[in-house]
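All remarks here apply to the structure that follows.
The values are calculated or read from the model by the stated rules, or taken from the named source; none is laboratory data. This structure is a prediction, so every number in the text was calculated from the model and none was measured. Glycine gets a Cβ as well: all are built from the backbone with ideal geometry, and neighbour counts include every protein chain shown. Note: accessible area is taken over every heavy atom of the protein model, side chains too, but ligands, DNA and RNA are not part of it. Shrake-Rupley method; radii C 1.70, N 1.55, O 1.52, S 1.80 Å.
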Amino acid sequence: MVLIVVLVVLMIIMVAGMGAMRAADTGNVISGNFTFQQASAQASDRAITDAMSVIANRVAGDAGNTDVANQYISVVSSSVDSRGIPNSVTWASVPCVDEKGGAIADCAADSGNYRVQYVVERMCSANPTLTDIADIRAKCEYDASASAMAPNSIGVHYRVLIRVRGPRGTENWYEAVVSGPAST
């Protein structure tokens with residue numbers, strides 16, 4: 001009888017030990033996933049920096065009203081997916097860089113590093129006349145400023161849509177709103 005009781009107690013201790021090991025493993029997995037998420041958020045900063053350069057180049061070249069497929073959208077898209085991303089964006093065709101800015105040919109290939117893609121969308125309902133501040137104010141979201149008297153002094157809003165792919169198949173989406181001049 002004692003032997004049966006001892007075997008039952010040993011079985012209970014073994015099950016409790018396995019449960020404790022499982023809990024520790026789950027904690028490690030959660031910690032690892034959190035680390036991947038934090039690192040992808042840091043990688044997304046690269047996209048915001050690069051997007052500011054894209055905006056500056058479009059504005060400097062007076063090409064703010066010209067779309068660039070899968071890179072720059074001059075007018076807010078009315079057709080969006082469940083995440084609010086314009087349906088006109090084909091992510092397989094969006095340029096891809098690593099977290100240091102180096103170009104990556106195949107963004108879908110998981111090579112253990114972070115792969116960053118972004119699209120800039122100007123927050124305008126229609127293309128404004130870039131020399132007319134009243135038209136820019138009527139058609140675009142902008143920073144309210146009494147001192148903005150010229151198209152190069154008004155802060156038009158641009159939405160940066162960011163996709164970051166990371167190790168082990170992780171994928172995170174970010175969105176940032178930045179402001180910049182409507183034209184030079």
| remark: Calculating semi-axes √(5λ) of the Cα gyration tensor in Å from this structure picks out, from [x] 51, 17, 14; [y] 35, 16, 13; [z] 24, 20, 16, entry [x]
| field | Per residue value of the accessible surface for the stretch 46-115 (all protein chains in place, 1.4 Å probe), Å² | value | 54 Å²
| remark: Carbon plus sulfur, as percent of the 1.4 Å-probe accessible area of the chain, comes to 60 percent
| Rounded tilt (10° steps) of 2-60 against the dominant C-alpha axis of the chain | 10 degrees
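Which of the peptides 74-83, 172-181 is most tightly packed, and how do the rest follow, judged by the mean count of other Cβ atoms within 10 Å per residue? Show your work: numbers first, answer last.
Working: 74-83: 11.7, 172-181: 15.9.
My ranking of the peptides, most packed first, is 172-181, 74-83.
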